[in-house]
Amino acid sequence: METGTAPGTAAETHLVRLILEKFDALVELTAQLDDTAANAVLPVAGSNSAVQLLVHCCGLLRRWSSTVNLGVEVQRDRSAEFEAVMPVAEALALAARTRPAFLADIAATDLAAPPRVSPPDHDDYWTSSCEGVLLHVLEELSQHLGHAEVTRDLVLGARPRDPHGSSRESMDPLAAEQGPEAYFDQQRAD
């Protein structure tokens, strides 16, 4: 990993490129859904829609890159992110504003420096440097992208892929018409 990266060159690191790759994949996933599918929540405790995950990831990007690493507070309502319901176009517009703001934060970041604001309740090893904080961002984005992929697949009625990568047949047509609840009922019966 590149360490001791001076402000202005941090955006060129592999770490930042990976963060943007995961963020862009989440944006693309959301863009491919209609408003109904993008806002659908699975009938499982703790599940979130693709829109909620994208809105949350926009909030987390700026919190860690600006508020924590640079000490420049970005207003955020984390609870509201997980309750967001909006048209896909509105979520994509938020993402389109977030990405360049994140890159501007990164341009002002010395990855080797400690974050300006120590995150409360986080005394983990990764909070000792701005680079460590961005590793946490990559971890969170990867997790939420995976959650969004599973949600999309179930909302659209796709069956999981087998270990060899070939698609299985989609769920039975009746279950597909009835939505994700029917999918879970069908899986419990199998």
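The values are calculated or read from the model by the stated rules, or taken from the named source; none is laboratory data. Keep in mind the model is a prediction, meaning the values are calculated, not measured. Cβ atoms come from the backbone with ideal geometry, glycine included; neighbour counts cover every protein chain shown. What goes into the accessible areas is simple: the full protein's heavy atoms, side chains included, and nothing from ligands, DNA or RNA. Shrake-Rupley method; radii C 1.70, N 1.55, O 1.52, S 1.80 Å.
For residue 104, the criteria (1) part of a helix (DSSP H, G or I); (2) in contact with an Asp or Glu (Cβ under 9 Å, 6 or more places away or on another chain); (3) open to solvent by 40 Å² or more (accessible area, probe 1.4 Å) hold in every case but one, which is (2). When the range 56-101 is filtered for residues that are open to solvent by less than 20 Å² (accessible area, probe 1.4 Å) and more than 19 Å from residue 16 (Cβ to Cβ), the ones remaining, listed by number, are 56, 81, 84, 88, 91.
Restricting 27, 51 to those that are closer than 30 Å to residue 129 by Cβ, in a helix (DSSP H, G or I) and either β-branched (Val, Ile, Thr) or at pLDDT below 95 (or both) reduces the list to 27. Kindly list the number of the only condition in (1) part of a helix (DSSP H, G or I); (2) touching an Asp or Glu at 6+ places or on another chain (Cβ under 8 Å) that fails for residue 111. Residue 111 satisfies every listed condition except (1). Restricting attention to the range 35-78, which residues are under 16 Å from the mean Cα position of the chain (by Cα), touching a residue at least 24 places away in the same chain (Cβ under 8 Å) and within 19 Å of residue 121 (Cα to Cα)? Hits for the range 35-78 are 60, 61, 62, 64, 65.
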